[in-house]
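All remarks here apply to the structure that follows.
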Amino acid sequence: MNRIKNIAVFISGKGTNAKNIISYYHNSTKIKVKFVFSTKENDDVADFCGQHGVAFFIEKEQSKQSEKQQKLCFDQEVDWVILAGYLKQIGPELISCLAERIINLHPALLPKFGGKGMYGKNVHNAVIAAKETKSGITIHRVNEVFDEGKILLQFECLVDRNDTAESLEEKIQVLERNHFPEAISRIIQGESGY
């Protein structure tokens with residue numbers, strides 16, 4: 001029988017997707033969330049982690065983040081790292097240790113609207129300014145360049161001509177809620193050759 005896969009979730013924002021992932025895998029016999037790593041204080045997610053038996057770590061100093069992440073992943077026997085609203089560059093050491101096993105959620109249809117600074121409302125404003133008729137989410141592998149890792153899955157929504165960054169963000173959040181946790185399972189369990 002296959003060993004349970006341990007995952008870590010990295011966040012920089014509110015942690016909505018981290019909470020969704022923790023809830024989704026709470027009673028899973030295949031995937032376990034070992035810890036959440038945050039780059040800033042987040043009492044809401046810390047409390048949520050505590051209620052679900054998930055460790056919560058924080059490191060605000062950027063120069064120490066990469067080393068701490070590596071140590072935690074090693075100590076906690078992490079198989080996969082999931083970036084869920086994580087805005088920092090992943091260090092080459094961690095990419096090397098977990099080659100092909102770090103995945104990111106991006107709130108647009110890559111390769112469009114990716115790269116440094118393209119997150120949150122910045123992405124949605126750019127999509128609307130470009131008069132795109134659709135947007136969505138992209139789940140991709142992480143490499144040394146922001147948003148340029150291999151695309152694994154995409155889910156789309158229509159962009160209405162009356163959409164604002166706020167209304168488009170709501171549509172994107174629905175896609176994230178509905179698809180991201182299940183997509184993680186599909187990728188980790190190697191379905192469809194991911």
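The values are calculated or read from the model by the stated rules, or taken from the named source; none is laboratory data. All figures in this text were calculated on a predicted structure; none of them were measured in a lab. All Cβ positions, even for glycine, are placed from backbone atoms using ideal geometry, and neighbour counts span all protein chains on display.
Remarks
- Qualifying residue in region 18-26 (condition: over 17 Å from the mean Cα position of the chain (by Cα) and free of Cβ contacts under 8 Å to residues at least 12 places away in the same chain): no
- The residues in region 32-67 that are under 15 Å from residue 90 (Cα atoms) and part of a helix (DSSP H, G or I) can be counted, and the count is 6.
- Taken over region 138-181, residues that are closer than 18 Å to residue 80 by Cα, assigned to a helix (DSSP H, G or I) and either hydrophobic (A, V, I, L, M, F, W, C) or at pLDDT below 95 (or both) amount to 1.
- Filtered residues of region 68-120 (kept if at pLDDT 95 or above, among the charged types (D, E, K, R) and either crowded, with 22+ Cβ neighbours inside 10 Å or part of a helix (DSSP H, G or I) (or both)): 68, 71, 75
- Any hit, region 124-134, residues being in contact (Cβ under 8 Å) with a residue 40 or more places away in the chain, outside the structural domain of residue 13 (by TED's automatic domain parsing) and of a type in the set (Val, Ile, Thr): yes
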